[in-house]
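The values are calculated or read from the model by the stated rules, or taken from the named source; none is laboratory data. In this text the structure is predicted, and so the values were computed from the model without any measurement. A quick note on method: Cβ atoms are made from the backbone with ideal geometry, for glycine too, and the neighbour counts reach across all protein chains shown.
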Amino acid sequence: MRRMTTLPPLPRCCTGLNDHWPLPRALPGVRLLSTRFDPALLDAEDFPRWGIPLPNGVSKRQAEFLAGRLCARQALQGLTGVPSVPSVAPDRSPCWPAGVVGSITHGAGWAGVVVARRNDWLGLGLDIEKRLPTERADRLVGEILTANELLGYADLSAARRAQRVTLTFSLKESLFKALYPLVNQRFYFQDAELLAFDDSGYARLRLLTDLSAQWRRGVELEGQFCEFDGYLLSLVSVPL
């Protein structure tokens with residue numbers, strides 16, 4: 001008879017894991033799990049209970065790491081049948097099991113993970129952001145937006161400017177997470193541009209620099225995004 005494994009109690013700092021797809025376009029073979037977390041309720045004993053290494057740092061850093069790895073553990077169990085916890089590479093990126101691609105994101109009390117089999121997708125990049133205040137968006141715009149992306153920016157309303165910078169920031173973060181494991185080279189906000197996006201949650205990005213023989217200037221990739229509870233969630237997927 002197969003022995004049933006009893007899971008530890010869910011960490012008090014995390015809500016129940018949400019197995020859902022809030023983004024506008026479902027991707028075959030891709031699974032997304034998320035949770036909300038509260039650093040004030042963190043219990044360090046939850047790390048050994050769930051087989052998750054305790055990271056250095058303040059309680060906020062530890063709580064977001066716990067929440068992200070907990071989502072990853074359960075997402076991997078659903079995908080592969082093995083509840084493994086991604087370790088941390090020297091460059092701080094997660095180490096996914098062989099044959100798996102994935103991405104972890106966390107911020108402002110929300111953590112989420114996407115995973116898929118490598119024979120279905122080459123790469124995935126997920127990012128969560130709280131919408132930037134307009135004043136901060138206006139301060140950061142020159143760092144995040146390219147010259148082409150800045151066209152017409154000054155004519156937007158305050159709310160639209162904040163949304164534009166937050167969206168561009170998040171999609172470029174997702175693009176980096178999706179491509180970095182494939183190129184092993186860092187690139188920055190000015191190395192890609194947001195070509196198009198619409199209210200349906202569709203987006204398209206283009207590289208402005210050569211990253212590898214395959215991933216060269218001019219290559220375009222699709223992304224998607226959604227907004228909820230003051231958050232903006234974005235995903236860039238790299239097809240085979």
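What the table shows:
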item: Whichever residue in region 198-213 is surrounded by fewer than 17 Cβ atoms within 10 Å (Cβ to Cβ) and touching a residue at least 24 places away in the same chain (Cβ under 8 Å) and, among such residues, is nearest to Gly125 (Cα to Cα); result: Tyr202
item: Residues within region 183-224 that are polar (S, T, N, Q), assigned to a loop (DSSP other than H, G, I, E, B) and within 14 Å of Leu167 (Cα to Cα), tallied; result: 1
item: Tabulated pairs, region 42-57, first within 13 Å of Cys14 (Cα to Cα), second surrounded by 12 or more Cβ atoms within 10 Å (Cβ to Cβ) and hydrophobic (A, V, I, L, M, F, W, C), C-beta under 6 angstrom, 6+ apart or interchain; result: Leu42/Cys13; Leu42/Ala63; Phe47/Leu54
item: Residue check for Thr134: polar (S, T, N, Q) and either under 23 Å from Leu17 (Cα atoms) or touching a strand residue (DSSP E or B) at 6+ places or on another chain (Cβ under 6 Å) (or both); result: no
item: Search result, residues across region 183-240 that are among the basic types (Lys, Arg) and within 24 Å of Leu151 (Cβ to Cβ); result: Arg204, Arg206, Arg217
item: Selection count where residues are in a loop (DSSP other than H, G, I, E, B) and under 30 Å from Leu122 (Cβ atoms), scope region 1-34; result: 12
item: Filter result (among the aromatic types (Phe, Trp, Tyr) and either outside the structural domain of Pro83 (by TED's automatic domain parsing) or within 19 Å of the chain's Cα centre (by Cα) (or both)) within region 1-60; result: Trp21, Phe37
item: Residue check, Thr105 within 20 Å of Gly223 (Cβ to Cβ) and β-branched (Val, Ile, Thr); result: yes
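A quick yes/no check of all residues on (1) more than 27 Å from Gly16 (Cα to Cα); (2) among the small types (Gly, Ala, Ser):
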{"residue": "Phe65", "(1), (2)": "no, no"}
{"residue": "Cys71", "(1), (2)": "no, no"}
{"residue": "Pro94", "(1), (2)": "no, no"}
{"residue": "Gly102", "(1), (2)": "no, yes"}
{"residue": "Glu129", "(1), (2)": "no, no"}
{"residue": "Ile144", "(1), (2)": "yes, no"}
